[in-house]
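Down below is the structure, laid out as structure tokens.
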Amino acid sequence: MIQNTKMRIAVLEDEHGLRNDLVEYLQLSGFIAVGFESAEALFTVYQDKIFDLAIIDIGLPGINGLQVAEWLHSRSSIGIVILTAMTSQSDQVVGLGVGADAYLVKNTSLEVIEATCRSVLRRLMPPPPDAVMVSAQGWRLCCRDWQLKTPAGDEFSLTHTETLFLQCLLKQTGTPVGRNDLLAAMGKTDTLSNLRNLDNCASRLRRKILKGCGLEIPISPSYGSGYTFTGEGGIDIA
């Protein structure tokens, strides 16, 4: 679990629209995110601003993203996520070879990008000595009352959409559920807008539980598919 202290993320992307979307989404997800349009802009403030993770595009003007990743990796323990339009296996090998912790392509959803950042940060951050580990078991969804009970006994009120989303996942714990199936269960059609709303629903639900009790609900994006409930849980229909 990532601690309550807000993590700082540098977004190095020369495409204005994508950079702003990433910064805004990460800020809404609880991070401190700062955008930079070039490596030179990042280097100018790097000594004064300490970042926990950097999202880096490869095809930058001037100093390219691979050079930035290698430079950062050689000087700090910062997490590095490459986000690029370069999709070949050889590109991925080179990117991971210069120090990236993860390599994503630009058609990746904002939800998966956020989940990847959290995964990298979890791996890099040692647990505090007084951390209490809670097993991700015993999640109970009460469909009648739109309530979710965590393994620690905390109860959360859900929206109707969140309830339908969780109900669909909990019927098939451990198995990826496709986006189309999730949308159908929520009574929505397969449109780009609804797909974005689906990602936003998962993100809001994760933030709600994390902020309320410090637990990360075990919902994982399934790359190219949908979502998986990876913990143990059940549904109370009545």
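In the set (1) open to solvent by 70 Å² or more (accessible area, probe 1.4 Å); (2) outside any helix (DSSP H, G or I), the condition left unmet by residue 51 is number (1). State yes or no: is residue 123 modelled with pLDDT under 90, among the charged types (D, E, K, R) and more than 21 Å from the chain's Cα centre (by Cα)? The answer is no for residue 123. Screening region 138-238 for helices (runs of 4 or more DSSP H) wholly inside it with 1 or more residues that are surrounded by fewer than 17 Cβ atoms within 10 Å (Cβ to Cβ) and free of Cβ contacts under 8 Å to residues at least 12 places away in the same chain returns the ranges 179-185, 192-213. Do you know which of the residues in region 26-44 that are modelled with pLDDT under 90 and open to solvent by less than 40 Å² (accessible area, probe 1.4 Å) is nearest to the chain's Cα centre (by Cα)? Among those that are modelled with pLDDT under 90 and open to solvent by less than 40 Å² (accessible area, probe 1.4 Å), it is 29.
The values are calculated or read from the model by the stated rules, or taken from the named source; none is laboratory data. It should be emphasised that the depicted structure is a prediction, and the values quoted were computed from it without experimental measurement. For neighbour counting, all protein chains shown are included, and Cβ atoms are generated from backbone atoms with ideal geometry for every residue, glycine included. Only protein heavy atoms, including side chains, enter the accessible area calculation; ligands, DNA and RNA are left aside. Shrake-Rupley method; radii C 1.70, N 1.55, O 1.52, S 1.80 Å.
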